[in-house]
Amino acid sequence: MTTPFAPSAPLLSAHRLAYSRDDEPVFGPLDFSLRPGETVLVEGDNGSGKTTLLRVLAGMLPPGEGEIRFDGRPASRDSRNGRVLWLGHRLGMNESLSARENLDFLAGLYGQRDGASTASVMERVGIEAWLDEPLRTLSAGQKKRVGLARLLLLPGDIWLLDEPYANLDRHGIDLVNALIAAHCNTGGAALVTSHGAVRFADPNARHIHLDA
Amino acid sequence: MSRSYLPHWMHWLGSPPNFYRFAGALRPWLIAAALVCAAIGLYGGLVLAPPDFRQGDAYRIIFIHVPSAWMSLFIYACMAVTGLVALVWRVKLAEVIAMECAPIGAAFTLITLATGSLWGRPMWGTWWTWGARLTSELVLFFLYLGVIGLYNAFEDRRRGARAASLLALVGIVNLPIVHYSVVWWNTLHQGSTVDWLHLSQSSIAPSMLWPLLVMTLATHLYFFASILGRARTGLLSLEGGKQWVRSLVTETSR
Amino acid sequence: MVTAVQPIANSTPVAPTTDQRSSGTLRACAALLRRDFTLAWRRRGELFLPLLYAVIVAALFPFALGPDPELLGRIAGGVLLVIVVLAMLPALESMFRSDLEDGTLEQWLLAPQPLALLALTRVIAHWLTTVLPLIIVMPLLGALLNLPVKVLPVLMLTLLLATPLLVLLGAVLSALAAGARRSGILVALMLLPLAVPVVIFAAGAIAAAQSGMPYVAPLTWLAAALVLAIVLAPLACAAALRIAVEA
């Protein structure tokens, strides 16, 4: 896929980035960059440090060595927060609240994308009928879709998606691929982890391979 | 990265294998010095020093009580300082030292409380009074227990060490406030309490002072010996499986 | 394709102006308050538990000490203070736990809002939902224990200053314990040393009012401590939350 944007400063780049837990190297040193319109697939077996890499990029773990930059500037709370949308193993939503309540709260924290509304993003991920049900009554796959709806609702051009395909059926996987493609077409970028069982839609996407 | 702000020798000592060797070499000397000082101090305090004209021989417990009380605060300060280093620079050794300070400090605090109680019984006929210093000491004991409890409640020990270090720092802001408020509270309910430690504040005869100072030196030496030993074992269990620990084991088993 | 999504970034996004950011921060705090109130309303049954606890303990005192109104009246102020502190404890422990478990805290951390301010907002929501009701039922509990009528306003004013302070301190401890495997009694153990000065000054004000002496000085100290805690505790709480999320 050719990006509609001219090459410019990468949204996100890592320079000799490495992380060790208790002096045991988890990954790295890695060099990569994420430009507007790009998708990078992080592959590796279980325990190879995919989630850790994403948590370091998201600033939830301190980088052991090396540097992370956003728009060419060293990562800081100011340069990172609001730009990064994080979808991890944990949904980040309260199960006693409905999808609408959860999404409205997050829109309050992050702001809202132009033209996006809670109802429209829920429709896009195909579970608008569940908008007002408490999340705990939803299936695992449906909850994952609410998480995807969050990505569409909130502004933020860098998507860090940790195993977004987990718990999803074939249609769900196609949906994730379509959402990522649409996001990249509008100048966003995504870093996606997968343990390799899922065929990624974009054959030209770059891959980072982590060894256990 | 940010560690380069530290002086070179600190950086060298912060490396676990270096610290392990350094502490192992220093510890026997510290223990020996602590024992010698304790022997001199106790002899001076229990034998040479004259009996107090009011308290007779009962006052002699100050040679344990007062140094322990000083240590309980000194160790808390050590814990807070190393805890700050652990939080800011994430130095593993600082985390270990801060966390190993807590049980030693709690032990000294307990000794202070127990000896104070033992002293109070013959002097004022009560095991416990809510005097300003004793109450502050009791609060300090709970602060230590909180740090120990929080540290041990974590599965990931390094994360537990950082959380407990933060608690220790909160505690150090709290301690003066506690002391001030307890003093205020005591003046409010005046007459009901006697403060055992007033004695150490008033003038003290030189023949009693020097054993007290020697005992203080002994407890400091003991603390340093103890923290070095505890930090060594703490590092070993954190770093178990590392190359330097493996080679250590093969060296000693040969 | 997604029609709702507009182009987001032209590779160099303009940093939000201070004005935008502060209005966004206000909106974020309002959203958090609304969410916490909704949650509290969903679980409104749980909100009565501290009240029930306070009533039970207050009702037990006359049985343990005898119904002598004069004795009860003399100790009522201090007893009610301790009852409120104890009734607050269980809820303090779980202030951040569920948000950590379901990943909400991760979203807090990445939001373009100051984490300390979110923590402060959570403290306000917590105080309004779990502690304010306790203060509101004070006249009832005071009547049970024969609290002198002239002391009641001072007691309530004292609680209005002391309980937010305790929730602020408790929030730091709760955030510290949130990442721990088990916390149980831990928050209470950690809170005790921090609560001692608060209880001393609060009890000082109540005792002074009871004996007809000026009670403004201890209340002023409480107010000063509250202001200090409003500034410092959210920062410590944010630092603790960062440690908690760092799994």
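For the stretch A:23-39, what are the residues that are modelled with pLDDT of 90 or more, within 14 Å of chain C (Cβ to nearest Cβ) and part of a strand (DSSP E or B)?
Across the stretch A:23-39, the qualifying residues are A:S33, A:L34.
Is the stretch C:171-184 home to any residue that is surrounded by fewer than 24 Cβ atoms within 10 Å (Cβ to Cβ), polar (S, T, N, Q), more than 20 Å from C:A238 (Cα to Cα) and in contact (Cβ under 8 Å) with a residue 24 or more places away in the chain?
No - not one qualifying residue is present in the stretch C:171-184.
Would you say C:L176 is within 14 Å of chain B (Cβ to nearest Cβ), part of a helix (DSSP H, G or I) and touching a helix residue (DSSP H, G or I) at 6+ places or on another chain (Cβ under 8 Å)?
Yes; evaluated as a whole, the condition is true for this residue.
Looking only at helices (runs of 4 or more DSSP H) that fall completely inside the stretch B:1-103, which ones have 1 or more residues that are closer than 30 Å to B:N174 by Cβ?
So the answer is B:8-14, B:62-89.
Take the stretch B:161-183 and flag every residue that is more than 7 Å from chain C (Cβ to nearest Cβ) and free of Cβ contacts under 8 Å to residues at least 40 places away in the same chain.
Within the stretch B:161-183, B:V173, B:P176, B:Y180 qualify.
Need the failing condition index for C:L72 against (1) loosely packed, with under 14 Cβ neighbours inside 10 Å; (2) away from chain A (no Cβ under 14 Å); (3) touching a residue at least 60 places away in the same chain (Cβ under 8 Å), just the number.
(1)
In the set C:A209, C:A202, C:A239, which member is in a helix (DSSP H, G or I), surrounded by 19 or more Cβ atoms within 10 Å (Cβ to Cβ), without any contact (Cβ under 8 Å) to a residue 40 or more places away in the chain and of a type in the set (A, V, I, L, M)?
Details: C:A209 fails: without any contact (Cβ under 8 Å) to a residue 40 or more places away in the chain; C:A202 fails: without any contact (Cβ under 8 Å) to a residue 40 or more places away in the chain.
Just one listed residue meets the conditions, C:A239.
Here's a check for you: in the stretch A:131-153, which residue that is surrounded by 19 or more Cβ atoms within 10 Å (Cβ to Cβ), of a type in the set (A, V, I, L, M, F, W, C) and touching a strand residue (DSSP E or B) at 6+ places or on another chain (Cβ under 8 Å) is nearest to A:N177 (Cα to Cα)?
A:L148
For C:L160, state whether it is more than 12 Å from chain B (Cβ to nearest Cβ), surrounded by 24 or more Cβ atoms within 10 Å (Cβ to Cβ) and either of a type in the set (D, E) or in a helix (DSSP H, G or I) (or both).
No, not satisfied.
Determine, yes or no, whether A:G108 is surrounded by 23 or more Cβ atoms within 10 Å (Cβ to Cβ) and within 20 Å of C:W108 (Cβ to Cβ). Break it down stepwise before answering.
Details: surrounded by 23 or more Cβ atoms within 10 Å (Cβ to Cβ): no; within 20 Å of C:W108 (Cβ to Cβ): yes.
The answer is no for A:G108.
Out of the residues in the stretch A:157-171 that are more than 11 Å from every other protein chain (Cβ to nearest Cβ) and within 11 Å of the chain's Cα centre (by Cα), state the one that is surrounded by the most Cβ atoms within 10 Å (Cβ to Cβ).
Top of the filtered list is A:P164.
Taking B:G241 as the residue in question, decide whether it is surrounded by 11 or more Cβ atoms within 10 Å (Cβ to Cβ) and small (G, A, S).
Details: surrounded by 11 or more Cβ atoms within 10 Å (Cβ to Cβ): no; small (G, A, S): yes.
Considered against the rule, which asks whether it is surrounded by 11 or more Cβ atoms within 10 Å (Cβ to Cβ) and small (G, A, S), B:G241 comes out as no.
Among the residues of the stretch C:78-135, write down those that are within 14 Å of chain A (Cβ to nearest Cβ), among the aromatic types (F, W, Y) and in a helix (DSSP H, G or I).
C:W108
The values are calculated or read from the model by the stated rules, or taken from the named source; none is laboratory data. Every value quoted in this text rests on a predicted model; they were computed, and no experiment measured them. All Cβ positions, glycine included, derive from the backbone under ideal geometry; neighbour counts span all protein chains shown.
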